[in-house]
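See structure below.
Quick note: the coordinates plus some simple rules give every number you see, no bench work behind them. Because the structure is predicted, anything quoted here is derived from the model rather than measured. Because the Cβ atoms are built from the backbone with ideal geometry, glycine has one as well, and the counts that use them run over all protein chains shown.
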Amino acid sequence: MALTPRSLFLGLIGAPYASDLFTSALRIADAAVRKEHRVTMWTCGYATALTVAEASDRKPRDTLAWDTVYPSPAAVAAHLLDRSDGRLTWLICRYCAEERAAMNQMSGVRIRPPYEFVQRALAADVCLVLGTK
Amino acid sequence: MGSYLLVESRSDQESPDVTALFDLGTRLRAEGNEVAVFLVQNAVLAMHDETVHDLVANGVRVWADRYSILARGLDPEAHPAGVSLGGADDLVDLLMADGTTPVWH
Amino acid sequence: MGTILAIIERAHRGAVEQQYAHVLWLVHGLHRQSPMTVLLRGTAAVYALDAEPPPRLRLGGAELVHVPDYRAAMDRLRTDGATVLVSAECLDRVRSPGAPLLPGVTPVTAAEIAATAAACDRIWYL
């Protein structure tokens, strides 16, 4: 099914490490970008902490597989941004980030005021809000 | 008439509102809307449940995420009749179709 | 020291975030310090299934992420002497007829779960 490229706003407000929500959001963003849609990933809550500048590009070592490198969620986000040809925008909520000391974000992620959540959601052709606060 | 995409990510063991979402889908369909339910994450565990069978019987298009099925050690080829197997690409195509109202639960 | 009953009822808590560091990895690490009896319930009953290796996850044109391999963790638990139980009732909801279980996993009834709990010194939901 070939569709005209459109804009997609993904509002990821559920917490990471609780379900496969972040994984699903990434899968959707990846597929949408490959289909040449323009995607905005907006994170709230503790999802804002996934992309802090202090985050390593890899997870802590697995004592059972000492030499295996496991990319961090931040590294996966950076990879998607790098490979998106400008079709993926990653924004985080200032309120949520401030509350969680996550204001220092990695390159490529922009901090936006919370009122822009609704503005951007309504401005997009399609809006999907994933998870609950 | 409208078009709805209801993405269910939870098992009914995690949330009592799963059956409520399925009920919403059935009611929207009964009112003449096009309705698709896409099962992802733990919701694929309900693939064989009576509730999903009822959705299909009521004219709701039901999809199940192949990746979620495999990640949970289930057999994707054992999906019930009336349930289509799909992936992220299919979900995006449904999501981005003109005039569709999406809901994620 | 006694035995800890570790009840796992929530499954799949973040393939990208966790990769290797999922709840079964944690429980195995804890078991190496203090004996664990593991009970799988709810959506975590799927961890008892003898299934195919997990699917690969491709994002941004690459397979960066090591998706969680719960079978490997279950095997380590068994090898290191942990008792692994699964609620029979929960298993019936997720298991196709005849689908095999991983070796060393025992389905138990609600009555058997209660007896197990009574025999453990601590009961933790993890």
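Between C:A118 and C:T106, what is the label-to-label distance in nm when each label sits 7 Å out along the Cα-to-Cβ direction?
1.6
Note down the nm distance, to one decimal, between modelled labels 7 Å out along Cα→Cβ at A:V118 and at C:T3.
5.6
Is there a simple number for the mean count of other chain Cβ atoms within 10 Å of the Cβ of residues in B:39-46, and what is it?
Mean partner shielding for this stretch: 5.
Counting other C-beta atoms within 10 Å, which of A:W90, A:W66, C:W124 has the fewest, and how do the rest follow?
Taking fewest neighbouring Cβ atoms as first place, the list is A:W66, C:W124, A:W90.
Which of the three applies to chain A, rounded, prolate or oblate, going by the alpha-carbon gyration tensor with a ≥ b ≥ c and a/c under 1.5 meaning rounded?
Oblate is the answer for chain A, as a/c is 1.5 or above yet b/c matches or exceeds a/b.
Determine the shielding of peptide C:21-30 by partner chains: average, over its residues, the number of Cβ atoms on other chains within 10 angstrom of each Cβ.
Average neighbour count from other chains, rounded to a whole number: 1.
Taking the Cα centre of chain B as the origin, how large is its charge dipole in debye, to the nearest 20, when only Lys and Arg (+1) and Asp and Glu (-1) carry charge on their Cβ atoms?
40
If each residue's Cβ is checked for other Cβ atoms within 10 Å, how do C:V23, B:V44 rank with the fewest at the top?
Placing the least packed residue first, the sequence is C:V23, B:V44.
Dimensions of the stretch A:1-65 along principal axes (Cα, Å, largest first)?
On the principal axes, the stretch A:1-65 reaches 47, 27, 23 Å in Cα extent.
Based on the Cα atoms of the stretch B:3-104, what semi-axes does the equivalent ellipsoid have, where each is the square root of 5 times one gyration tensor eigenvalue, given in whole Å with the largest first?
Its equivalent ellipsoid spans semi-axes of 19, 15, 12 Å.
Sketch the reach of a paramagnetic label on B:D23 as a point 7 Å from Cα along Cα-to-Cβ, and name the residues of the stretch B:41-60 whose backbone nitrogen lies under 15 Å away.
B:51-52, B:55
Apply the Kirkwood formula to the protein assembly as shown: the hydrodynamic radius equals the inverse of the mean of 1/r over all pairs of different alpha-carbon atoms; give it in Å with one decimal.
Roughly 21.5 Å, rounded to one decimal.
Restricting to the stretch A:29-133, compute how many DSSP beta bridges are antiparallel as a %, nearest 5.
If we restrict to bridges inside the stretch A:29-133, about 25 percent are antiparallel.
Take chain C, connect every pair of alpha-carbon atoms lying under 10 Å apart with a spring to form a Gaussian network, then pick out the residue of C:E52, C:E89, C:E112 with the largest mean-square fluctuation.
Among C:E52, C:E89, C:E112, the largest GNM mean-square fluctuation belongs to C:E52.
Rounded, prolate or oblate: which fits the stretch C:1-43 when a ≥ b ≥ c are the square roots of the eigenvalues of the alpha-carbon gyration tensor, with rounded for a/c under 1.5 and prolate only if a/b beats b/c?
Oblate.
Let me know the mean shielding of B:3-12 by other chains, meaning the per-residue number of their Cβ atoms within 10 Å of its Cβ.
Per residue, the number of nearby Cβ atoms from other chains is 2 on average.
Just report the Cα centroid separation between the stretch A:43-106 and the stretch B:9-46, whole Å.
One Cα centre to the other: 31 Å.
If you bin the C-alpha pair distances of chain C every 10 Å from 0, what whole percents do you get?
13, 44, 32, 9, 2, 0
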